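These notes concern the structure reproduced below.
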Amino acid sequence: MSLIFRIVFIAAGALTALFVARDALNFTIIQTFVAVLLVTVVVGAGSLWSLRRKT
């Protein structure tokens, strides 16, 4: 489980670093928000994929 969280936070850190400087005070907050968005997108894509396969 921790490996999954690490992978998500690495991806979120890379995406966040494109828009926010790493030494900004709110970098970790924005990184967490981006990580939650990534998880939401993956879960949403998985649910849409399962709907597509059933029809």
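Our analysis of the chain gives Rg over Rh at 1.14, with the two radii drawn from alpha carbon positions and Rh computed by the Kirkwood formula. Between the Cα long axis of helix 27-54 and the first principal axis of the chain there is an angle of about 10°, rounded to the nearest 10.
Note on THR40 and ARG52: the model spin-label points, each 7 Å out from Cα along the C-beta direction, lie 2.1 nm apart.
Since every read-out is calculated from the coordinates, none of them should be taken as a lab result. Quantities reported herein were computed from a predicted structural model and do not represent experimental measurements. Because the Cβ atoms are built from the backbone with ideal geometry, glycine has one as well, and the counts that use them run over all protein chains shown.
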